[in-house]
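Contents: one structure, followed by commentary.
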Amino acid sequence: MTEPIVNDLTIQAATVNGSGSQTANLVLTRAIFHMGIPVAPKNVFPSNIEGLPTWYQLRITPEGHMARSDKVDILIAFNVATWREDLKSVRPGGVVIHEEAFSTADVRSDVTYYPVPFSKLAKSKIQNDTLRKQLANMIYVGVVAGLLGIPWGAVEHGVKRQFLAKPKAVPINLDAIKVGYDYWQDNFSKQDPYRLEPMTGVVEGKVLVEGNQAAALGALMGGVTVVAWYPITPSSSLCEYLIAYSDRFRVDEKTSEKHISVVQAEDELAAVGMAIGAGWAGARAMTSTSGPGISLMAEFSGLAYYAEVPVVIFDIQRIGPSTGLPTRTSQADIGFVYTLSHGDTKHLVLLPGTVEECYEFARDAFDHADRFQTPVFILSDLDLGMNLWMTPEFKYPEKKFDRGKVLSKQDLEKLAGDWGRYRDVDGDGVPYRTLPGTDHPAAGYFTRGSGHDEQARYTEGADAYARNMDRLAHKLETARHALPAPVLEESGSPIGLIAFGSTHSAVIEAREMLAAAGKKLDYLRVRALPLADEVARFVARHERVYVVEQNRDGQLFDLVRLALPAELVERVRSIRHYNGQPIPAVAITGPLMDREAVPA
């Protein structure tokens, strides 16, 4: 056996969807995290309810890397249908825990096998017929705990944390885990180098949170009062979390009255229409969807842009086009969303790259929507939205809501009723508005998606239309400087990277790998559209800049080049990853090493 490999390994559980394996995987994740060890789980699941293969990758590194790994150290093989293919993913010298009944004829000889009779153990040790199928997965948690030396106290914590809402389920699950743990102790001697040892000073002050969960909490903190939505993977859990939080924190303790309205609409078109209507009426309103829903929302998005109605729209991206792969991740909506609708339309788009930013951007999006009287899109993706991520604890908001330029009755009296809904008074492109019900005869105006002048009167006048469109473009320029600025990390390298969203975690690791190979790279992370002026300045400071993203066509690559003066366009190159799996660091280092002739 080689030297011990401590706290640096990737576990992959290959199971069947709907079998209860996700619960077992989360118990294992929480147990290891409780040991103070950084974890980075990734769930790959099919789009059906039950029966197809599913994989759960749990990456463990002392540095706390959060990107997916392209190699597996320990395979838990629970699915005979994928047994042979799953074996190929294990690195030489790795470990395979598998169902004893699986055929081992002609299998690899460069890995260590631990055959376990999971089915027989479940039948003989688990008395509950109804739960036997689900509890069988807990047996492999026990085997892994024995293999890696996970303390029983950490396992207990993982189970109790997973079943916080169902404490009665704790004993029966612990019993099932003990079956696997005892089987390991009684039947195997360790033949592999992998170990886990408790750590300190790395995960303290951090929690495990999904991006959708963080966004839901952020929306609540942002003052959302109307939510209209239609279920679609991978965005459904965002509104489901929001409903759960609302039931806890948006209910009057004395009257039990809810201070939020949540409506499940008949489709995405109706959902965004309801949200826009609520925004027009003065509510802080939102909807959440994914790519197919965004397609349906195009016309309404144009209405909200042109009529200048605030609304927040979450797009948790998945693989397209059409139905695509509903349970695979992607960053392929950025170009579409930025100009969603026909005609000259550009939207404000926020691009969170961490779970903490999912919370912060969701919270602040309502201020941006009110301040600039326009739709604000938040683009996350399945990887960031539906997987658990280590994150610092969120900060409670300290600033008051920014409702923007809203005229009250007193304001209108001071103006003697002389105001125009679409008049640029302050020179920033942002007009003043009133809310329905304002008690003043001059408060009313017609909201229309057809041509209108500064007074909101219908017109087909060419000059009035051009003035309005120019003002909307000026408003976008004003907003550009108010949105989250890019995050820069520079050390004077001639080569730079640009990325956005969940690609961030892979870029962090890729830069470390390249630096170790003697090639330091600077980095700019885009956090909003329209692009900040700093993007062009970053390109100007570097000889070559690679835009890394998770789509086929290099959509951010195109947006960056469009924002550059002609003499800088040729400096920009593209690195793309688009197979639906979260991008690993090697998907960046490999192409970049090839192009830059960096020694591997």
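The values are calculated or read from the model by the stated rules, or taken from the named source; none is laboratory data. No experiment lies behind these values; they were computed from the predicted model shown. Reconstructed Cβ throughout: ideal geometry from the backbone, glycine too, with neighbour counts over all protein chains shown. These area figures cover heavy atoms from the full protein model, side chains too; ligands, DNA and RNA do not enter into them. Shrake-Rupley method; radii C 1.70, N 1.55, O 1.52, S 1.80 Å.
Please tell me if ARG573 is among the basic types (Lys, Arg), in contact with a helix residue (DSSP H, G or I) (Cβ under 8 Å, 6 or more places away or on another chain) and within 21 Å of LYS346 (Cβ to Cβ). Spell out how you get there, then give the answer.
Working: among the basic types (Lys, Arg): yes; in contact with a helix residue (DSSP H, G or I) (Cβ under 8 Å, 6 or more places away or on another chain): yes; within 21 Å of LYS346 (Cβ to Cβ): no.
In short, no.
Which ones in segment 327-356 are more than 24 Å from GLY449 (Cβ to Cβ) and in a strand (DSSP E or B)? If you could, list the steps in order and put the result at the bottom.
Just the residues of segment 327-356 that are more than 24 Å from GLY449 (Cβ to Cβ), to begin with: 327-332, 334, 350-356.
LEU350 - this is the single residue of segment 327-356 that is more than 24 Å from GLY449 (Cβ to Cβ) and in a strand (DSSP E or B).
For segment 1-46, the tally of residues that are under 22 Å from LYS206 (Cβ atoms), among the charged types (D, E, K, R) and out of contact with any helix residue (DSSP H, G or I) (no Cβ under 8 Å at 6 or more places or on another chain) stands at 1. Has segment 333-346 got any residue that is closer than 17 Å to LEU382 by Cβ and open to solvent by 10 Å² or more (accessible area, probe 1.4 Å)? Scanning segment 333-346 turns up at least one residue that is closer than 17 Å to LEU382 by Cβ and open to solvent by 10 Å² or more (accessible area, probe 1.4 Å).
Inspect segment 241-248 for any residue being assigned to a helix (DSSP H, G or I), basic (Lys, Arg) and either open to solvent by 20 Å² or more (accessible area, probe 1.4 Å) or farther than 23 Å from ASN387 by Cα (or both) and give the result as yes or no.
As a first pass, look at segment 241-248 and keep what is assigned to a helix (DSSP H, G or I): 241-248.
So of that shortlist, the ones also basic (Lys, Arg) come out as 248.
With the extra rule that they be either open to solvent by 20 Å² or more (accessible area, probe 1.4 Å) or farther than 23 Å from ASN387 by Cα (or both), the set shrinks to 248.
Yes, because at least one residue in segment 241-248 is assigned to a helix (DSSP H, G or I), basic (Lys, Arg) and either open to solvent by 20 Å² or more (accessible area, probe 1.4 Å) or farther than 23 Å from ASN387 by Cα (or both).
Residue pairs whose Cβ atoms lie under 7 Å apart, sitting 6 or more positions apart in sequence or on different chains, and linking a residue in segment 327-339 that is free of Cβ contacts under 8 Å to residues at least 12 places away in the same chain to a partner that is part of a loop (DSSP other than H, G, I, E, B), are THR339/THR345; THR339/LYS346.
Mind checking which residues of segment 499-533 are β-branched (Val, Ile, Thr) and under 17 Å from LEU350 (Cβ atoms)? Result: THR503, VAL526. Those strands (runs of 3 or more DSSP E) of segment 24-96 in which 1 or more residues are basic (Lys, Arg), under 14 Å from THR10 (Cα atoms) and open to solvent by less than 10 Å² (accessible area, probe 1.4 Å) occupy 39-44. Is it true that ALA442 is over 30 Å from GLU299 (Cβ atoms), without any contact (Cβ under 8 Å) to a residue 60 or more places away in the chain, assigned to a loop (DSSP other than H, G, I, E, B) and within 26 Å of the chain's Cα centre (by Cα)? For ALA442, the condition - over 30 Å from GLU299 (Cβ atoms), without any contact (Cβ under 8 Å) to a residue 60 or more places away in the chain, assigned to a loop (DSSP other than H, G, I, E, B) and within 26 Å of the chain's Cα centre (by Cα) - is not met. The set of residues from segment 97-106 being open to solvent by 20 Å² or more (accessible area, probe 1.4 Å) and either touching a strand residue (DSSP E or B) at 6+ places or on another chain (Cβ under 9 Å) or part of a strand (DSSP E or B) (or both) comprises GLU99, GLU100, ALA101, PHE102, THR104.
So that you can scan it fast, the table gives a plain yes or no per residue for (1) crowded, with 20+ Cβ neighbours inside 10 Å; (2) outside any loop (DSSP other than H, G, I, E, B):
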position	(1), (2)
ASP463	no, yes
ARG467	no, yes
ASP470	no, yes
HIS474	no, yes
ALA479	yes, yes
LEU483	yes, no
LEU488	no, yes
GLY492	no, no
ILE498	yes, yes
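Scan segment 361-410 for residues that are in a helix (DSSP H, G or I), surrounded by fewer than 24 Cβ atoms within 10 Å (Cβ to Cβ) and within 13 Å of the chain's Cα centre (by Cα) and the total you get is 0. Of the residues making up segment 1-27, those that are under 14 Å from LEU75 (Cβ atoms) and of a type outside the set (Ser, Thr, Tyr) are LEU9, ILE11, GLN12, ALA13, ALA14, ASN25.
Among the residues of segment 107-134, how many are among the hydrophobic types (A, V, I, L, M, F, W, C), in a helix (DSSP H, G or I) and either open to solvent by 10 Å² or more (accessible area, probe 1.4 Å) or on the phi > 0 side of the Ramachandran plot (or both)? Talk me through it step by step, then tell me what you get.
Just the residues of segment 107-134 that are among the hydrophobic types (A, V, I, L, M, F, W, C), to begin with: 107, 111, 116, 118, 121-122, 126, 131.
Filter again for in a helix (DSSP H, G or I), leaving 118, 121-122.
The next check asks that each one be either open to solvent by 10 Å² or more (accessible area, probe 1.4 Å) or on the phi > 0 side of the Ramachandran plot (or both); those that pass are 121.
Result for segment 107-134: 1.
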